[in-house]
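Novice: Have a look at this one.
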Amino acid sequence: MDFVKGLMLGLASGAVCAAYCGPVLIPYLLSRGGNILNNLLTILYFMAGRLAGYLLFAVLAWAAGMAAAASIKSEKAVFGVIYIVLAGAMIFYGFKRAGGDCAVKRAGFLCSTTFPAVLGFLTGLNLCPPFLLAFTEAARMGVLWRSMLFFAAFFVGTSVYILPLAILGLGRRIEALRYVGRLAAGVMGVFYLYLGILSLKGA
Amino acid sequence: MADNNRVDQKRRLGTSAVKAILLTLPILLLTGLMVTGGQPIPKEAIRLIPLAVTYLFINSIFFLLIYSGRISRYRTILFVTYAACFILTFTTNLIETRGSMILTQENMVKGETPFCPMVIPMVIIPAALTKTIIFPGSMASIGSILVAWLGVTIALGRGWCSWGCFFGGMDEGFSKIARQPVIRNINRKWTYLSFAVLLVIVLTSAATLSPTYCEWLCPFKAVTEFEEITSAKVVVQTVIFFSLFTGLVVVMPILTKRRTQCGLFCPMGAFQSLTNKLNVFDVRVDTNKCTQCNLCVKSCPVFALDEESVRKGRARVTCSKCGKCIEVCPRGAISFHIKGTDVGGNGRTAQLMFIYPAFLLLAIMGSGMISGAIYRVLLLITTGSILK
Ligand code: SF4
Ligand code: SF4
């Protein structure tokens, strides 16, 4: 039952979820210039990170319960920091050695598998509206495994909207798209940085 | 070199005075209708003088452009004048109708935000997903912007950026100040930045259901209207607007002698490049005549030419059809061209076919702003106040 509920919520609000993840994932996929299969793999890494973020929240939701859920919502500072970390990763990726082949290759830990997972994890920790709904629902459950099952189902439901982004691989021969993707990741990072700073200021 | 340029250019478009007068006649007629707006000619001098001066100015520019064949030089004069007059006319009108340049929440709720084509790429996805328009204003006003945009795009494509945009003349004006550029080389990768900005604003507008370019990135907020400062967020936004304006519209154009806002940042320019396919004109290099001297590459204000594109014989999609390269090429190898026809075969006809709609757009966009600005100056001289 919890699984079905989570799945339904994910399916119902997945388009909004995709709109929230798109700004992070789309520039990254374009900049990689991979084919559809490579993109699917990258999206899977991204989603694995996102699932980890969700499950972390599932644990929090279980531990916090309904009352604390409200207080976490208002805990803007935490999300401010998350935004800033995400911004840092994207700015680094986007602008580091603009013109070089692959900025992240040079920074060992940020290799092509870990980086999308890190992006996914940080995106998973963002408070987008459907996610808040899921969080509130999971917080009511009171049992850890139910809360985790609910979030996992929610993740599956929303993923239906994210996987089709692999189609961007069709444009892989257009070299310009790689530059555009890289730079867009950097600009997006600056945008998240504003959001992070504003969140911190409003904390 | 300058003389060489003129002689070769004359071969392409310049003509005799009589022919130039004849070719100016259609513009004389159409701008006559445009300047008066089809209304009877006003009797008061303060209304009549601005219209007459604007009419004479626009038509003299067209005549000189045709007579000399120096498309870019005379376009620039009109385009920069229009941009400068736009600031004066727009802001004084704003202050008269709304009381100040400040945009309040109430103005936004009432949909009192003026026309801006930049809205188009931002509203498409949210409109498709939610059936709502994420910009203050009615469906009808957005609809009319869309129709106007489609018309301009079909007629000129990215030519909008050199013949229509009310902001383009600002960085073009500043790019003309220095005699020599201080910064000469800009990494080609940065010429993709405007597409990246476009991608970011489309995605973030879809995610946040708000026009993120208007809220966060528009440099021209600095000289048109800006949001009332009511929070730290608006302070940050205002600092960004002023920094972008100073950096991209003033300082960088002076240092590089290029239109850095239009060529490197403006997402509307990128959007026009993507939709440029709808338009029949492009700029082509006759590779048989070209000696690869790269003068055109160095002079293109929006970075639309590089060695590779010259070798391939065509400007990149970011070409704003300003005519500068046509003017500087000592071999007369570059011309406006109608897609699907021979390169170099129809140079003169293609140029004329392009110049008429392009110039008319500039005249339509510019005439109201120029006469409006002259009117404000006369008002100031005669009454001591720039406002009615
Ligand atoms: S097109 Fe003209 S200006 Fe450009 S490289 Fe060739 S000859 Fe030189
Ligand atoms: S390629 Fe020529 S016409 Fe196009 S923007 Fe550059 S200078 Fe102007």
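Novice: Between residue B:177 and residue B:352, what length comes free when the chain is fully extended (0.36 nm per residue of separation minus the Cα-Cα distance, one decimal in nm)?
Specialist: 60.1 nm
Novice: Mind checking the dipole of the range B:101-279: about its Cα centre, +1 per Lys or Arg Cβ, -1 per Asp or Glu Cβ, Debye to the nearest 20?
Specialist: 900
Novice: Convert each backbone phi in the range B:316-327 into a coupling constant with the Karplus relation 6.51 cos²θ - 1.76 cosθ + 1.60 (shift: θ = phi - 60°), then list the ³J(HN,Hα) values in order as whole Hz, x for Gly and Pro.
Specialist: Using θ = phi - 60°, the values come out as 6, 4, 7, 4, 9, 6, 7, x, 4, 5, 4, 6 Hz.
Novice: Would you mind checking the range B:175-202 for residues with the amide N under 16 Å from a putative spin-label position 7 Å along Cα→C-beta of residue B:307?
Specialist: B:185-189
Novice: Which ³J(HN,Hα) values, rounded to whole Hz and listed in residue order, are derived for the range B:143-155 from phi using the Karplus coefficients 6.51, -1.76 and 1.60 in 6.51 cos²θ - 1.76 cosθ + 1.60 with θ = phi - 60°, glycine and proline given as x?
Specialist: Result, ordered by residue: x, 5, 4, 4, 5, 4, 4, 4, x, 5, 5, 5, 6 Hz.
Novice: Something else about it: When the helix-only estimate is applied to the protein assembly as shown (DSSP H runs of n ≥ 4, each -39,500 (n - 2.57), divided by the residue count), what is the mean residue ellipticity at 222 nm, nearest 500 deg cm²/dmol?
Specialist: -21500 deg cm²/dmol
Novice: Given points 7 Å out from each Cα along the Cα-Cβ axis, report the residue B:230 to residue B:148 separation in nanometres with one decimal.
Specialist: Once both label points are built, they end up 2.7 nm from each other.
Novice: Here's another thing I want to ask about it. Take the alpha-carbon centre of the range B:355-370, take the same for the range A:143-197, and report the distance between them in whole Å.
Specialist: 44
Novice: Do any of B:277/B:312; B:221/B:277; B:176/B:321 go past 28 Å between their Cα atoms, and which?
Specialist: Where the Cα-Cα span goes over 28 Å, the pairs concerned are B:221/B:277.
Novice: Right, here's the next one. Amide H to amide H under 5 Å from residue B:314: which residues, 5+ apart in sequence or cross-chain, H placed 1.01 Å off N in plane?
Specialist: Residues meeting the amide H criterion: B:285.
Novice: Apply the Karplus parameterisation 6.51 cos²θ - 1.76 cosθ + 1.60, with θ equal to phi minus 60°, to every residue of the range A:85-95 and state each ³J(HN,Hα) to the nearest whole Hz, in sequence, with x for glycine and proline.
Specialist: Whole-Hz 3J(HN,Hα) from phi for the range A:85-95: 5, 4, 4, x, 4, 6, 5, 4, 5, x, 10.
Novice: With the alpha-carbon atoms as the only input, what is the per residue convex hull volume for the range B:280-344 in Å³?
Specialist: Spelled out: Cα convex hull of the range B:280-344, divided by residues, is 72 Å³.
Novice: Still on this structure, I have one more. Rounded to two decimals, what is Rg over Rh for the range B:101-279 when you use alpha-carbon atoms and the Kirkwood radius?
Specialist: 0.97
Novice: By the gyration tensor of its Cα atoms, with a ≥ b ≥ c the square roots of the eigenvalues, what is the shape of chain B: rounded for a/c under 1.5, prolate for a/b over b/c, or oblate?
Specialist: Oblate, because a/c is 1.5 or more while a/b does not exceed b/c.
Novice: Additional query: Positive end of the dipole of the range B:101-279, charges at C-beta (+1 Lys, Arg; -1 Asp, Glu), about the Cα centre: which of B:182, B:165, B:214 has its Cα farthest in that direction?
Specialist: Working it through, the farthest residue towards the positive pole turns out to be B:182.
Novice: Could you check the spin-label model distance between residue A:38 and residue B:41? Points 7 Å from the Cα along Cα→Cβ, value in nm.
Specialist: Those two pseudo-labels are separated by 6.8 nm.
Novice: If you don't mind, there's one more thing I want to ask. If a/c stays under 1.5 just call it rounded; otherwise compare a/b with b/c (prolate if a/b is bigger, oblate if not). Do that for the protein assembly as shown, with a ≥ b ≥ c from the square roots of the Cα gyration tensor eigenvalues.
Specialist: Because a/c hits 1.5 or more and a/b exceeds b/c, the protein assembly as shown counts as prolate.
Novice: I would also like to ask the following. Calculate, for residue B:64 and residue B:140, the FRET efficiency according to 1/(1 + (r/R0)^6) with r their C-beta to C-beta distance and R0 51 Å; round to the nearest 0.05.
Specialist: Efficiency for this residue pair is about 0.80.
Every number here is computed from the coordinates shown, using simple stated rules; none is lab data. Bear in mind the structure is a predicted one, so any value in this text is a computation, not a measurement. Using ideal geometry, Cβ is built from the backbone for each residue, glycine included, and neighbour counts are taken over all protein chains shown.
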